[in-house]
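The values are calculated or read from the model by the stated rules, or taken from the named source; none is laboratory data. From a predicted model like this one, the values you see are computed outputs, not experimental measurements. No Cβ is skipped: glycine too gets one built from the backbone with ideal geometry, and neighbour counts run over all protein chains shown.
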Amino acid sequence: MVEVIEVRSVSKTYQQPKRFPGVLGALKSLVTPEYTEVKAVADVSFGIRKGEAVGYLGPNGAGKSTMIKMMTGILVPTSGSVSVLGCTPHERRMEIARRIGVVFGQRSQLWWDLPVADSFELHRRIYDIPAARYADNLRRFAELLELEPFLDRAVRQLSLGQRMRAEIVMALLHDPQILFLDEPTIGLDVVAKDAVRRFLAEVNRERGITIILTTHDLQDIETICPRLIMVDHARLVFDGELGRLRSALGSARRLTLEFTTDPGPLPLTTAVLTADDGLLKHYRIERDDVSLVDVLTEVGPGREIKDIALEEPNIEEVIRTFYQRRNTAVPA
Ligand SMILES: Nc1ncnc2c1ncn2[C@@H]1O[C@H](COP(=O)(O)OP(=O)(O)OP(=O)(O)O)[C@@H](O)[C@H]1O
Ligand SMILES: [Mg+2]
C-alpha cells in the first residue's frame, strides 16, 4: 500500500515573547524582546497508508493540534519533513487543499451568517466541484448525517452538534483523499457523537478516505480507528493497534466473587486479591493464560458461590495505565 502521509523527525518549536510585569516591563518587552521556546512537537516520525484511520491521542498540550496544522500546511515545521500526497503541505497549500479535507472542532469553517446550504454552494464554487458530483455527495452525506432539517438555517442558529455535522459534510464535498479532524466530537452529546463516529467509520470504509483525527474521547478511537498514535510532552510514545497496547500493558481482568458464606481469606495463585469485603471478594487476573475456570477450580468445590462478575479492562483504563507507567518511569 502507498503511504499518503510521511512525517520524518518533525519538530516544532514556538517562540513565545516573555512578558515582564508593569509598564516598565511592557516597555522592556517592546524594546528588547526576549523569547521562551515552547517545544510543541519533538522528533516525531510516522507514516500513514492510503485508507487507514488513525487516532492521534495525547494529554492537553501534547502537540496534537500542532501536528495537524503542519500536515495541513498551516504551520511550517522547525525541522524534519512532512509529506502529504507526495507534496510538502506548506509549500503547496492550494494544491493540497483540493485534495484534503480539514475539520477543526473548535473553529468553524462555515459562514456564520449564511444558511448552511449557501456555505456549501460557496465551497462548491471555490473548489470547482463538478455539479453532478456535488449534488450526489451532498444528497448522500446530508442523508447519512440528517442535515436536511437545518440546511436552510443560518449557521449561527445551529446547535453545536448540528454545526459539527455540517462542518464534516462540507469538508467532504470535494472528495478529498485524506480527512484531517482536530477534535471532531468535542462538546457533542452522546447521540451526536455516535452519529459522527458512525459516519466517519463509514466514509473510511466505503470510500477509502484516509482519516486522521485527534481526540480526547477514547470511544472515537475504538469506533473509527484501528490504529492509535499517542503523544506525550511533544514526543511520540506509542504507534500501533489498540489491541497491541492492551496486551503490552497486560490485560488485567477484574473478578468479583460473591460467596454465600464467608470463606475467610482465600489466597489464590491464579488471581490477586485486591479487596476483601467478607462475602464479596475482588480479584485481579493478571495473566492472559488464566481462565475463569482455572480460578474457580482453585477456589474449590466446597465453597458456594452466589454470583460472579468478570470485567475486561476498558480502553480508558489501558490508556491511563500507559501514561501512569510513563510518568513513573520518566520523572519530569
Ligand atoms: N501559537 C502558539 N504559540 C506559542 N505556543 C503555542 C502555540 N500554539 C500552541 N502552543 C503550545 O504548544 C504546545 C502544544 O500545543 P497543541 O495545541 O499542539 O496541543 P494539543 O495536543 O492540541 O492540546 P489540546 O489537547 O489541549 O488541544 C502547548 O504547550 C501550547 O501551549
Ligand atoms: Mg489541540
Total residues in the stretch 271-288, condition under 18 Å from Leu249 (Cα atoms) and in a loop (DSSP other than H, G, I, E, B): 4
Based on what the data block shows, is Ser79 surrounded by fewer than 21 Cβ atoms within 10 Å (Cβ to Cβ), within 11 Å of ligand 1 (Cβ to nearest atom) and in contact (Cβ under 8 Å) with a residue 12 or more places away in the chain? no
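Answer with yes or no whether Met170 is over 14 Å from the mean Cα position of the chain (by Cα), within 16 Å of ligand 2 (Cβ to nearest atom) and either surrounded by fewer than 21 Cβ atoms within 10 Å (Cβ to Cβ) or at negative phi (or both).
On the way: over 14 Å from the mean Cα position of the chain (by Cα): yes; within 16 Å of ligand 2 (Cβ to nearest atom): no; either surrounded by fewer than 21 Cβ atoms within 10 Å (Cβ to Cβ) or at negative phi (or both): yes.
Here the answer is no, as Met170 does not meet what is asked.
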Which of the numbered conditions does Ala234 fail, given that it passes all the others? Conditions: (1) more than 15 Å from the chain's Cα centre (by Cα); (2) away from ligand 1 (no atom under 16 Å from the Cβ). (2)
Filtering the stretch 132-146 down to residues that are of a type in the set (A, V, I, L, M), outside any helix (DSSP H, G or I) and exposed (fewer than 15 other Cβ atoms within 10 Å of the Cβ) yields none
Which residue is nearest to the chain's Cα centre (by Cα), if the candidates are limited to the stretch 147-167 and must be crowded, with 16+ Cβ neighbours inside 10 Å and among the small types (Gly, Ala, Ser)? Gly161
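Against the condition crowded, with 20+ Cβ neighbours inside 10 Å and charged (D, E, K, R), how does Lys39 come out, does it pass?
Taking the combined requirement at face value, the residue does not satisfy it.
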With the condition kept exactly as written, say whether any residue in the stretch 213-231 is of a type outside the set (Lys, Arg), crowded, with 19+ Cβ neighbours inside 10 Å, over 18 Å from Gly55 (Cα atoms) and touching a Leu at 6+ places or on another chain (Cβ under 7 Å). no
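Mind telling me which of the residues Gly47, Gly51 ends up being in the same structural domain as Leu179 (by TED's automatic domain parsing), within 17 Å of the chain's Cα centre (by Cα) and not in a strand (DSSP E or B)? Can you show your working first?
Details: Gly47 fails: not in a strand (DSSP E or B).
The match here is Gly51.
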Considering only the stretch 84-97, I want to know if a residue exists there that is within 24 Å of Ile221 (Cα to Cα) and away from ligand 2 (no atom under 16 Å from the Cβ). yes
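Just to be sure, is Ile305 more than 30 Å from Arg244 (Cα to Cα) and either outside the structural domain of Pro263 (by TED's automatic domain parsing) or not acidic (Asp, Glu) (or both)? Walk me through how you get there before you give the answer.
On the way: more than 30 Å from Arg244 (Cα to Cα): yes; either outside the structural domain of Pro263 (by TED's automatic domain parsing) or not acidic (Asp, Glu) (or both): yes.
Criteria met by Ile305.
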Note on Ser29: of the conditions (1) near ligand 1 (Cβ under 10 Å from one of its atoms); (2) outside any strand (DSSP E or B); (3) of a type in the set (Ser, Thr, Tyr), unmet is (1)
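Residues being in a helix (DSSP H, G or I) and touching a helix residue (DSSP H, G or I) at 6+ places or on another chain (Cβ under 7 Å): count how many of those fall in the stretch 205-218. Give the steps one after another, and end with the answer.
Applying the first criterion (in a helix (DSSP H, G or I)) to the stretch 205-218 yields 205-207, 218.
Next cut, touching a helix residue (DSSP H, G or I) at 6+ places or on another chain (Cβ under 7 Å) only: 218.
Of the residues in the stretch 205-218, 1 are in a helix (DSSP H, G or I) and touching a helix residue (DSSP H, G or I) at 6+ places or on another chain (Cβ under 7 Å).
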Near pairs, Cβ below 6 angstrom, 6+ apart or cross-chain, from the stretch 13-36 (among the polar types (S, T, N, Q)) to any residue that is more than 16 Å from ligand 1 (Cβ to nearest atom): Ser29/Phe20
Number of positions in the stretch 204-250 that are of a type in the set (Gly, Ala, Ser) and within 16 Å of ligand 2 (Cβ to nearest atom): 1
Cβ-Cβ under 6 Å, sequence separation 6+ or interchain: first residue in the stretch 166-185 and more than 18 Å from Thr214 (Cα to Cα) and at pLDDT 95 or above, partner within 16 Å of ligand 1 (Cβ to nearest atom) and part of a strand (DSSP E or B). Which pairs? none
Here is a check on your reading of the model: is Met71 surrounded by 19 or more Cβ atoms within 10 Å (Cβ to Cβ) and within 30 Å of Ser45 (Cβ to Cβ)? yes
Go through the residues of the stretch 53-65 one by one and say whether even a single one is at pLDDT 90 or above, within 26 Å of Tyr127 (Cα to Cα) and within 11 Å of ligand 1 (Cβ to nearest atom). yes
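Being exposed (fewer than 15 other Cβ atoms within 10 Å of the Cβ), modelled with pLDDT under 95 and more than 30 Å from Ser159 (Cβ to Cβ): is that true of Asp128 here?
On the way: exposed (fewer than 15 other Cβ atoms within 10 Å of the Cβ): yes; modelled with pLDDT under 95: yes; more than 30 Å from Ser159 (Cβ to Cβ): yes.
So Asp128 fits the description; yes.
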